[in-house]
Amino acid sequence: MLVFKYFYWFFESRSAPSTDPFIIWLTGGPGCSSQLALLVENGPCYVNEEGDDTFLSNKSWSNNVNVMWVSIYQKISKIFLFLIFYFFNFNFM
């Protein structure tokens with residue numbers, strides 16, 4: 001039996017949450033978490049250099065859309081990778 005385990009962060013749009021679109025961010029690849037994108041690339045805030053505070057990002061996707069960053073349990077990512085290799089006949093051995 002497969003058990004799907006998810007971890008997510010959801011941030012409402014800063015402009016018009018009730019009318020702005022909703023997107024789900026899924027970072028690809030086994031062992032790569034969407035939390036990396038949330039905290040470093042396109043999330044709503046960054047951690048300052050001292051590591052004791054945050055500041056808003058003016059490049060955040062949540063400025064104009066409702067965003068959910070989702071991480072899937074690692075075993076599921078490995079199954080996806082295997083299926084991609086299997087169905088597209090990639091030689092990975």
Can you sort TRP25, TRP61, TRP69 by solvent-accessible area, 1.4 Å probe, largest first?
TRP61, TRP25, TRP69
Got a number for the accessible area of SER13? Probe 1.4 Å, square angstrom, nearest 10.
10 Å²
Amide hydrogen neighbours beyond the local backbone of SER60, cut-off 5 Å, H modeled
none
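The values are calculated or read from the model by the stated rules, or taken from the named source; none is laboratory data. This one's a predicted model, so the numbers in the text were calculated from it and none came from an experiment. Ligands, DNA and RNA are excluded from the accessible area calculation, which covers all protein heavy atoms including side chains. Shrake-Rupley method; radii C 1.70, N 1.55, O 1.52, S 1.80 Å.
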